[in-house]
1. Ranking request for peptides A:237-249, B:52-64: highest mean number of other beta-carbon atoms within 10 Å first, then the rest in descending order.
2. Averaged over its residues, how many other protein chain Cβ atoms are within 10 Å of peptide B:175-185's Cβ atoms?
3. Once the dipole of chain A is set up with Lys and Arg at +1 and Asp and Glu at -1 on Cβ about the Cα centre, which of A:LEU172, A:VAL297, A:MET129 lies farthest towards its positive end?
4. Calculate the FRET efficiency for B:ASP166 and B:ASP78 from the Cβ-Cβ distance with a Förster distance of 25 Å, rounded to the nearest 0.05.
5. Which value, in debye to the nearest 20, describes the size of the charge dipole of chain B about its Cα centre when Lys and Arg Cβ atoms bear +1, Asp and Glu Cβ atoms bear -1, and nothing else is charged?
6. Please sort B:251-259, A:15-23, B:85-93 by packing, taking for each peptide the average over its residues of neighbouring beta carbons within 10 angstrom, highest first.
7. Just in segment B:247-314: which chymotrypsin sites (Phe, Trp or Tyr not before Pro) are loop by DSSP and have at most 11 other Cβ atoms within 10 Å?
8. State the answer as a single residue: which of B:PRO254, A:THR207, A:ILE50 lies farthest towards the positive end of the charge dipole of the protein assembly as shown, with beta carbon charges of +1 for Lys and Arg and -1 for Asp and Glu, about the Cα centre.
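The values are calculated or read from the model by the stated rules, or taken from the named source; none is laboratory data. Predicted model, so just to flag it, every value in this text is computed and none were measured. Neighbour counts are summed over all protein chains in view; Cβ atoms, including those assigned to glycine, are modelled from backbone coordinates with ideal geometry. Calculation scope for accessible area: heavy atoms of the full protein, side chains included, ligands and nucleic acids excluded. Shrake-Rupley method; radii C 1.70, N 1.55, O 1.52, S 1.80 Å.
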Amino acid sequence: MLTLERVSKVYRVGTFGTQPLNAVRDVSLTVPPGAVVSLIGESGSGKSTIGRMVLRLTSVTSGTIAFDGRNVAGLNGHRARKEYYRHVQGVFQDPFSCFNPIFPVDRVFELLRGEYFAATPDTEWRASMRRSIERVSLDPGQVLGRYPHQLSGGQLQRLLIARALMLDIRLLVADEIISMLDASTRIDVLNLLGDLREEGLGILFVTHDLSLGTYVSDTTVILRRGRIAETGPTGEVFASPRHPYTRGLLASVPRMHRTWAEADAELDAETGPCPVHDSAGSEHPADPVEVGAGHFVGCFSNDTCPE
Amino acid sequence: MTVEVSELRVHYRTLRGSVQALDGASMEVGDGAIMGVVGESGCGKSTLGKSLIRMDGRMRHVGGSVRLGGEELPIGDDRAMQAFRYHEVSLIPQYAMSALNPTRRIGRMIGELLESRGVRFSEAKRELTRRLELVGLDGDVLKRFPIELSGGMKQRVVLVLSTLRDPSLLIADEATSALDVANQRAVAEALVGFRDRGFVGAMLFISHDLALVAQIADTVTVMYAGRSAESAPASELLRRPRHPYTRMLLSAVPTVGATIDERRQEGIPGSPPSLLDPPTGCRFKDRCPLAFDQCETRPPFVEVAPGHRVACWKAE
Ligand SMILES: Nc1ncnc2c1ncn2[C@@H]1O[C@H](COP(=O)(O)OP(=O)(O)OP(=O)(O)O)[C@@H](O)[C@H]1O
Ligand SMILES: Nc1ncnc2c1ncn2[C@@H]1O[C@H](COP(=O)(O)OP(=O)(O)OP(=O)(O)O)[C@@H](O)[C@H]1O
Ligand code: SF4
Ligand SMILES: [Mg+2]
Ligand SMILES: [Mg+2]
């Protein structure tokens, strides 16, 4: 469904916009229907940039992003783009910033209606709005007509997902949507993503927390400074991480019944040599190498690797 | 110094009535101890932090007390608190990072802050640089602008600044929540390091992340709707929680490596009550699977084992 093929993004920074900043480098991945792909990495590793490129909020420097085989960058004209957003939507970290504090929360739905459902009769529109709110386990009577400050972050976050669900959505880009939520609300939102996945939705799930990523995701992509450090089936990456960066991230994830010191002790176990440098002679020398079924590992020394 | 919060009640005045944000919060933090304070959004954690430092115009001290080393803190008296603020009790506020003035270099900003609190910058500078180095920042950060520092670096600057006077009590309100796991760990370990070196006496570590609290806290207090629900040594609370709310909160945290397909975990059904007009008796009763007649009366916060207190009629 969604395919990224050697996608890179270079920002121009510095006083005169002359310094290149390689935010995303040669990232390839696919999100099939009914699958959750987690993008995990430290702050600044390029996760949001990938999400924003998929949503066409920022341009692609090189490589292609295709949805159902069509290059997303080549969507010309209002109609083609509108059609794209009917199927692809994004939800972001701070739900409060998506609502206007002076209007009831219903307003975000009204804006959508103006764009996509202008011809839908009132009763039909309200019924489908209520259905989609119920789908995210909210009681329409309890949330509609309320102001943003009267609802919790989790409720607002779910309303934004409900709004996306009003469309014929097939891919959801969820960027850090749970990092501001408390434990109880987090699991509700994660479960919701799991249910939507069952219904066939593809989800690109951006997070810096590995443990939350593993709970719902099928495929994990670990990003380091814009490059894929490791990727594979979530269980596989999680159970036998190969890249030292993945292992370090895993050791930093706070766990309820294991101290950081204990995690470090496990980390000290031998990592093995860099599989990329071991496999000389491939077409793109810096590309990740397959170490198990669908499990790829990138070069350990990211920065010194030949470009 | 030991910190004792007893039955603290602080309400917000609003047009629609008073919000009982803190309405019987009790906890005791030993000298040199780190206490984690957890609970759902809106349960009063930040209100507790603010109450111990400075109440804003809408906050009212309705009852209860806070003692620091046996001496009562005049929390309702803004001027009397002046002597304690920063020097004795210091706060890293929620969203402190985004509050840094973007147009000032870090050094200048710290200088102004210190002078405003009656500390000579020239005298404090050596110690400031020494402590910045302790948390892995070189003295050069003083010459940089906030935008030039990563979130983790900024939060370490805030930590050093807020503890420069060796306060008896530090309140860290979601000090690491906006950071990625690697930076989160670095800042959390810096907090522990400062405690170990005696730069801070006791610490209240407010967080919604139970697993993080488990890493650094000696004791934990769970709050619910403005009150203390349970308080115990960290390992005891995590392994043998007694309050139904604590149990449900803990089971809502995905264990690392767990997946929805193997075992689906559930959040706590329902949502916390409105604090404008909170229910009588136990405030958790509408969501509690064990609720019975007696829960119409407020359960006392009593000791059930050494250092382990619970407010629940069903907790044995
Ligand atoms: N509009 C922009 N102009 C210039 N540089 C940018 C822009 N947006 C992002 N960057 C830079 O690109 C890199 C990747 O940023 P990105 O926001 O994608 O990271 P992230 O992984 O989402 O991080 P976080 O966890 O902090 O959200 C960073 O170095 C960032 O500073
Ligand atoms: N200025 C205010 N006026 C009225 N009510 C307020 C005010 N500030 C907070 N409240 C209310 O007081 C209660 C406690 O809020 P507080 O900010 O202490 O919660 P918290 O536990 O820190 O939550 P979070 O985890 O979201 O930071 C909430 O119900 C909140 O809506
Ligand atoms: S006092 Fe009653 S309602 Fe409250 S937690 Fe205990 S059993 Fe549940
Ligand atoms: Mg981001
Ligand atoms: Mg708070």
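1. On the way: A:237-249: 20.9, B:52-64: 15.3.
Per-residue Cβ counts within 10 Å, averaged per peptide and sorted highest first, yield A:237-249, B:52-64.
2. Partner-chain Cβ atoms within 10 Å, mean over residues of B:175-185: 6.
3. Most positive-ward Cα: A:MET129.
4. The calculated FRET efficiency here is 0.60.
5. Values: 41 positive and 39 negative charges, 144 e Å.
Dipole magnitude for chain B comes out near 700 debye.
6. B:85-93, B:251-259, A:15-23
7. Details: sites: B:PHE284, B:PHE292, B:PHE301, B:TRP313; in loops: B:PHE284, B:PHE292, B:PHE301, B:TRP313.
Passing both the DSSP loop test and the Cβ count: B:PHE292.
8. With unit charges placed on the Cβ atoms, the residue in question is A:ILE50.
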